[in-house]
Amino acid sequence: MVDSTVSIFMLTYNQEQFIAQTIESVLMQKTDFDYQLVIGEDCSTDTTRTICEKYALAHPTKIKLLPPLEKNIGLIANYMRTIKACDGKYIAICDGDDYWIDAYKLQKQVVFLENNTNFSIVYTRVRKLFPNGEFKESTANLKKTTFSFDDLIFDNFIPSVSVLFKNIQDHQNQLPNWILKFPYGDWPTYLWTLKDGGRIHFLDDVTAVYRMDIGVSFKIRKVASAIVKTNLGITHEILNDFNFKHKQPVVQKALVNKKISLMVRYNRERNYLGAFKLYFYNLKYDLQHYPITKMYLYSLYKSF
């Protein structure tokens with residue numbers, strides 16, 4: 001049964017310095033519908049859980065704090081258990097080290113999706129916060145505000161802290177378990193949401209702050225090839241998932257694109273053997289209008 005219009009999905013682990021601000025930014029939302037904050041706290045060793053418990057006690061109808069864990073289960077397992085606890089018509093994401101700055105974020109996004117039923121996802125611009133205290137607003141592609149699965153499969157351009165998407169989960173439509181193989185789940189979740197249609201809308205407002213250079217995603221991004229390799233693995237799983245069978249042509253193109261991108265990254269990182277293996281594999285696509293040899297040689301040259 002759907003109890004709230006929106007479930008706000010929040011993961012947190014050892015974020016005692018941020019979590020209160022994050023929760024407050026959700027509670028400040030002004031809406032004409034009900035929403036519930038669902039917090040998945042992953043056995044923190046600091047005071048994060050205590051802070052969450054105080055807020056849950058003070059706002060019992062607004063906050064659902066998931067039961068404590070006996071041990072830390074890791075980000076992606078916590079992701080899966082938390083998103084399964086979201087029963088709203090729509091789901092928003094706000095991780096425990098990010099926060100919202102627009103009190104009408106949810107209201108604007110819900111109104112859009114309610115009035116445009118052929119859309120399944122809406123996202124906004126964000127303000128990036130660096131460890132030195134500097135803010136930088138994300139750039140917007142104002143030439144295009146509507147996207148589809150065919151765009152998103154090539155690149156995850158949606159900041160998770162800004163998103164609202166339809167909750168399509170039910171007993172017959174659960175997120176695939178292969179997501180557990182990867183260090184993050186937001187991108188495959190969006191693609192799953194779009195697998196049977198639906199479009200993406202970009203709302204040109206700054207609604208949230210995303211903290212840079214902290215957390216699991218930062219550790220992955222420190223080595224550029226790591227995130228490309230992860231996305232390549234996710235794309236492989238989508239290609240082999242029968243639920244995406246009708247999307248195979250565009251998924252195959254995205255797979256080749258990511259292999260080429262990984263080849264270039266490997267050369268830049270001077271992993272020449274890895275780059276050559278991918279070059280050799282991708283040679284067959286040179287006849288299909290992919291400039292593989294040119295890209296391989298250029299990236300190799302630039303690495304010296």
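Each row is one residue, and each column tells you yes or no for (1) more than 26 Å from the chain's Cα centre (by Cα); (2) outside the structural domain of Leu175 (by TED's automatic domain parsing); (3) among the charged types (D, E, K, R).
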residue	(1), (2), (3)
Ile234	no, yes, no
Ala254	no, yes, no
Arg265	no, yes, yes
Arg270	yes, yes, yes
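Selection of helices (runs of 4 or more DSSP H) fully inside the range 243-304 by the criterion of at least 2 residues being among the polar types (S, T, N, Q) returns 248-268, 292-302. Per the listing Lys64, Lys30, Lys54, the residue uniquely under 22 Å from Val209 (Cα atoms) and among the charged types (D, E, K, R) is Lys30.
Among the residues of this structure, Ile39 counts as one that is over 18 Å from Thr207 (Cβ atoms) and surrounded by 15 or more Cβ atoms within 10 Å (Cβ to Cβ).
Of all the numbered requirements in (1) assigned by TED's automatic domain parsing to the domain that holds Leu262; (2) at pLDDT below 95, Ile168 misses one, and that requirement is (1). Residues that are outside any strand (DSSP E or B) and aliphatic (A, V, I, L, M) occur at least once in the range 124-141.
Of all residues in the range 220-242, those satisfying the criterion of being of a type in the set (D, E, K, R) and not in a helix (DSSP H, G or I) are Lys222, Asp241. Among the residues of the range 82-101, is there at least one that is closer than 20 Å to Arg211 by Cβ and surrounded by fewer than 20 Cβ atoms within 10 Å (Cβ to Cβ)? The answer is yes; a qualifying residue exists. Counting only strands (runs of 3 or more DSSP E) that fall entirely inside the range 1-103 and contain at least 3 residues that are closer than 24 Å to Glu114 by Cα, the qualifying elements are 6-12, 35-41, 90-93.
The values are calculated or read from the model by the stated rules, or taken from the named source; none is laboratory data. Owing to the predicted nature of the structure, the values given are computational and were not obtained by experimental measurement. Heads up, the Cβs are rebuilt from the backbone with ideal geometry, glycines too, and the neighbour counts pull from every protein chain shown.
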